[in-house]
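Asks: So that we are looking at the same thing, I have put the structure below in structure tokens.
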Amino acid sequence: MTTGSEDAFPHLTTLKDGKEQAVGEARYVTDSAGKLAEAAAVVADDWQNRGLETPLFADLIAEARRRGLLKIFAYFDADNKSMIRVGQKVGFRLGAREAGSDYSMLKAEILL
Ligand SMILES: CC(C)(COP(=O)(O)OP(=O)(O)OC[C@H]1O[C@@H](n2cnc3c(N)ncnc32)[C@H](O)[C@@H]1OP(=O)(O)O)[C@@H](O)C(=O)NCCC(=O)NCCS
């Protein structure tokens, strides 16, 4: 497995049958001023719950801080225990549930 932070986005890849495959990554998009960002994360199904996203998300926050961002927020599905746990472990504060007719989300944020 290899690690990288191309474009500031921490990611993991592995080789399968000689081909590089994505394993997981953490990303954000900033507002036009480059001070506020929304983050998201994904790890391939076969690699989940092995402790991979936690350091990727932590690295993303560290990079955002280094770049002078002031705040990162993210929306977590209220049933997504895994993502909520990752967010809490890296220091996100969870807000109140924002419920729609067919979803329930939590807004989480971290001040940098
Ligand atoms: C959410 C996601 C990125 C987490 O990646 P991951 O590599 O599996 O996360 P980690 O292994 O680093 O951490 C998962 C944590 O959740 C915990 N967890 C998993 N399922 C859980 C459950 N049902 N209840 C409580 N905790 C749970 C794990 O025990 C672990 O915590 P721990 O280290 O304290 O034991 C991954 O599951 C994913 O890609 N899901 C689909 C896409 C998604 O939902 N993205 C989030 C949108 S922002």
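Asks: Consider the stretch 11-34. How many of its residues are touching a helix residue (DSSP H, G or I) at 6+ places or on another chain (Cβ under 9 Å) and either farther than 28 Å from Y75 by Cα or among the β-branched types (V, I, T) (or both)?
Replies: Here the count works out to 3.
Asks: Select from the stretch 11-42 the residues that are outside any strand (DSSP E or B) and either of a type in the set (A, V, I, L, M) or in contact with a Pro (Cβ under 6 Å, 6 or more places away or on another chain) (or both) and list them in ascending order.
Replies: Correct list: A33 only.
Asks: Can you spot a residue in the stretch 8-27 that is small (G, A, S), at pLDDT below 95 and surrounded by fewer than 13 Cβ atoms within 10 Å (Cβ to Cβ)?
Replies: Yes, there is a match, as at least one residue in the stretch 8-27 is small (G, A, S), at pLDDT below 95 and surrounded by fewer than 13 Cβ atoms within 10 Å (Cβ to Cβ).
Asks: Across the stretch 26-42, what is the total count of residues that are hydrophobic (A, V, I, L, M, F, W, C) and within 11 Å of the ligand (Cβ to nearest atom)?
Replies: Result for the stretch 26-42: 5.
Asks: Scanning the stretch 43-74 for residues that are under 16 Å from A108 (Cβ atoms) and not in a helix (DSSP H, G or I), which turns out nearest to the ligand (Cβ to nearest atom)?
Replies: Among residues in the stretch 43-74 that are under 16 Å from A108 (Cβ atoms) and not in a helix (DSSP H, G or I), the one nearest to the ligand (Cβ to nearest atom) is A74.
Asks: Additional query: Checking the structure you have, find out if any residue of the stretch 72-90 is hydrophobic (A, V, I, L, M, F, W, C) and surrounded by fewer than 14 Cβ atoms within 10 Å (Cβ to Cβ).
Replies: No - not one qualifying residue is present in the stretch 72-90.
Asks: In addition: Which members of the stretch 75-98 meet the condition of being among the basic types (K, R) and part of a strand (DSSP E or B)?
Replies: R93, R97
The values are calculated or read from the model by the stated rules, or taken from the named source; none is laboratory data. Quick caveat, the model's predicted, so the values are computed rather than measured. Backbone-built Cβ (ideal geometry, glycine too); neighbour counts: all protein chains shown.
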